[in-house]
1. Determine, for 78, 63, the number of other Cβ atoms within 10 Å of each Cβ, and report the residues in order from fewest to most.
2. Anything in the chain that counts as a DSSP H helix reaching 27 Å or more along its axis (C-alpha) with Kyte-Doolittle mean of at least 1.0? List them, would you?
3. By the gyration tensor of its Cα atoms, with a ≥ b ≥ c the square roots of the eigenvalues, what is the shape of the range 16-56: rounded for a/c under 1.5, prolate for a/b over b/c, or oblate?
4. Using Cβ counts within 10 Å as a stand-in for footprinting exposure, how do 48, 40 rank, fewest first?
5. Starting from the Cα gyration tensor of the range 25-96, take the square roots of the eigenvalues, sort them a ≥ b ≥ c, and report rounded, prolate or oblate (rounded when a/c is under 1.5, otherwise prolate if a/b is larger than b/c, else oblate).
6. So between residue 101 and residue 82, what do we pick up on full extension, going 0.36 nm a residue minus the alpha carbon distance?
7. Once you order the gyration tensor axes a ≥ b ≥ c over the Cα atoms, which shape class does the chain get: rounded for a/c under 1.5, otherwise prolate or oblate by comparing a/b with b/c?
8. May I ask you to compute the full-extension gain from residue 42 to residue 8, defined as 0.36 nm times their residue separation minus their alpha-carbon distance, rounded to one decimal in nm?
Amino acid sequence: MGKRVLILLAKLAAGYVIAVLVAAFVSIFCMFTLITLMNDGNGPVGSDLGIAFGMAIVLTAMFAWPGYLITLWSAYKFKRPSYAYFGIGGVLTTALALTLFSGPRNHLNELTEFSFAYVGGAAGGLAYAWFHQRVFKPPSRSES
């Protein structure tokens, strides 16, 4: 493998890590906010937050990569690497990840019960779009 290919793979991996971290954080924040609001302000304690965040990172990293690769491929195929495209791709990646997580049975329940995950998926897609705009930005005419 050439040096350019390794650099490209490192950039794509860094983008995936950023998207996973943001998606997990936003999903857990939304879930804990919902739990707190439903229990009259009595929410989970801080240690629960750390455990949930760690589990969300692991599960997101395990199940979101197929959707991430499909989103990247389609963004480059159709020349649409925009915030909106990656945000929508994050939501669709969430649907695919929840389907893979739940297996062939009961995936409809998983798709609706974990609605907070879609907010996290959109946030992860937007975080990747932000990263993409900075890292893969074509050089301006004044720089060349």
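1. 78, 63
2. 3-38, 83-102
3. oblate
4. In order of increasing Cβ crowding within 10 Å: 40, 48.
5. It is prolate, given that a/c is not under 1.5 and a/b is the larger ratio.
6. Extending this stretch completely gives an extra 4.1 nm.
7. Prolate is the answer for the chain, as a/c is 1.5 or above and a/b outweighs b/c.
8. Going from the current span to full extension adds 7.6 nm.
All of the numbers you see were taken from the coordinates with simple rules; none came from a lab. What you are looking at is a predicted structure, and each value in this text was computed from that prediction instead of being measured. A quick note on method: Cβ atoms are made from the backbone with ideal geometry, for glycine too, and the neighbour counts reach across all protein chains shown.
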